[in-house]
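These notes are about the structure you will find just below.
The values are calculated or read from the model by the stated rules, or taken from the named source; none is laboratory data. This one's a predicted model, so the numbers in the text were calculated from it and none came from an experiment. Don't worry about glycine lacking a Cβ; one is built from the backbone with ideal geometry, like all the others, and counts go over all protein chains shown. The protein model used for the area step is the full one, side chains on, heavy atoms only, and it has no ligands, DNA or RNA in it. Shrake-Rupley method; radii C 1.70, N 1.55, O 1.52, S 1.80 Å.
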Amino acid sequence: MVFQALIRPSLPNDPKSFLFSSPMEVSSPLKSDLSFSSSLSPFPLQTRLKSLKSFRSFFPNSSVFAVAVNPDQEAPANSPHRLLKELAERKKVAFPKKRTPPRTFILKPPLDDAKLTERFLNSPQLSLKSFPLLSSCLPFSRLNNADKTWMEEYLLEAKQALGYPLEPSDRFDDDNPAKQFDTLLYLAFQHPSCDRTNARHVRNGHSRLWFLGQYVLELAFAEYFLQKYPRESPAPMRERVYALIGKRNLPKWIKAASLQNLVFPFDEMDKLIRNEREPPVKSVFWALFGAIYLCFGMPEVYRVLFEAFGMDPEGESCQPKLRRQLEDVDYVSVEFEGRQLSWQDVAAYKPPQDALFAHPRLFRACVPPGMHRFRGNIWDFDSRPQVMQILGYPLPMNDRIPEITEARNIELGLGLQLCFMHPSKYKFEHPRFCLERLEYVGQKIQDLVMAERLLMKHLDAPGRWLQEKHRRLLMNKYCGRYLRDKHLHRFIIYGESVQDKFEHNRRLRNPATTAVQQAIHGLAYTVYGKPDVRRLMFEVFDVEQIQPKAV
């Protein structure tokens, strides 16, 4: 109901100076401020009241009436009241109010034993006993019709862009991990900004893939650049890796592979701002290589990187900044002499049958041949047996020829001495006679091994929770503490000029012990392979131990 105020003069002795119909009321005729209780906005009333006050100052003997306008009379088409009423009705239809559930029913009751057993037995995560890591990255429930609709519409385009055959992956046998490729490829493209991310099995499956994929990429580039540049320190290698797979450059590779329409089906990628473009692209890129690694292994990761995405490590944008290079007068292994390895050489390499190591070429790239000059020195005679006893070396191996076992143990001892050789000792005269290259590969392999462990241990955990758990377990200060708990820091070889500083200054000593621990993991990976890294991390150093809180 709309009220219109009418002013008329009244008698001086009129007892009522204001007459109002409900719902307007006045507390007292002596008060000059009026109180209106109405559903209308107060702003027009305030302006009207100001005019009434000014009117009363000129005509003190006057009365105000509120006259009700007939509500049945239709307001004109451009009336604001009519427009507001229509807007309110539209809002009721378009945005109905969601009823908040009662507090007692927000938490779901636990499943009974029968339903819980049925859920576990029907989960795809428990369907592959021979591939525990692959099965842990599958969705915890079967894909529904909405998921299959996306796969029918977009999956062929993704396969064609990546260079895979267009036939469905179900044609493979059960003992072939590539059978799950269609499912993992679908999950890889369901980034947090897409439509299907509201489904929990899709959201968790995608986040677990990108959690694994980031460490796969780091290890792949570390192995590639260590073999491609056998004389280079890790610092320029890290710059090259960042120039290739830093989040600012990932949209360029997605566009080069013509995958931008799958990542942003309703937007043009180039017109999006960075905050809207880069996070989905990074998430899809990482998850994509997590899926490829699980189904096809590391050689296929190299093929997709350098063929499908067209990455060029020799490009001008990938070159590291200029820095003072130390003169390297030492020899490199024969297989690196006079030529640079290509990605095809790294991807297609298979160690010979009677190889000394699990990764022979990577070992030769990290341990220079000149380390044999340290054989038989004081550290080799006094410290090496104690270090090998603490780490459980040498491992028993079934070699056809006893000389192979003896040669491997000799090389293992030289590699251990290199792991404990701090850069302050020989780096300035012999740049590769320090632990830096082994530390670089050790960082990456321990990240990947821990990621695989967490994925298999926590089947229902989302990727962000696993990422935080991973970060807290492998913090640098904890890695150094694991080494010091085994009393291995006593065997680190420092330069004479800085030995007292490093042994008595905690801020210098702790990063050095961290580097040694990671270098040991790198050596274990090159000599015995990934299983020995797992043994060192979870049996020798016990990196999953609960750390006490700081007081």
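Miscellaneous remarks
- Label-to-label distance, nm, for residues given as D170 and S342 (7 Å Cα→Cβ offset): 3.9
- Sorting D112, D447 by accessible area puts them as D112, D447; the probe is 1.4 Å, largest comes first, and only protein heavy atoms count.
- Label-to-label distance, M475 versus V334, with points set 7 angstrom from Cα along the beta-carbon direction: 4.9 nm.
- Whether the stretch 240-368 is rounded, prolate or oblate, judged on the alpha carbon gyration tensor where a/c under 1.5 counts as rounded: oblate
- At R0 = 60 Å, FRET efficiency that the Cβ-Cβ distance of R231 and L84 yields, to 0.05: 0.20
- Loop-resident chymotrypsin sites (Phe, Trp or Tyr not before Pro) (DSSP state other than H, G, I, E or B) in the stretch 238-288 with no more than 10 further Cβ atoms inside 10 Å of their Cβ: F266.
- Protection proxy ranking, peptides 427-439, 215-227, 460-472, 136-148, average beta carbon neighbours within 10 Å, highest first: 215-227, 427-439, 136-148, 460-472
- Residues of the stretch 112-255: accessible area per residue with a 1.4 Å probe, Å²: 46
- FRET efficiency estimate (nearest 0.05) - Cβ-Cβ, E152 to E327, R0 56 angstrom: 0.40
- Cα-based shape type of the stretch 273-336, given that a ≥ b ≥ c are square roots of the gyration tensor eigenvalues and the cut on a/c is 1.5: oblate
- Accessible area (Å², 1.4 Å probe, nearest 10) - S342: 40
- One Cα centroid belongs to the stretch 418-458, the other to the stretch 194-234; the line between them spans 18 Å.
- For the pair R534 and R274, a Förster radius of 41 Å applied to the C-beta separation gives a FRET efficiency near 0.60, rounded to the nearest 0.05.
- Counted by Cβ distance under 13 Å from S317, the other residues give a net charge of 0, where Lys and Arg count +1 and Asp and Glu count -1.
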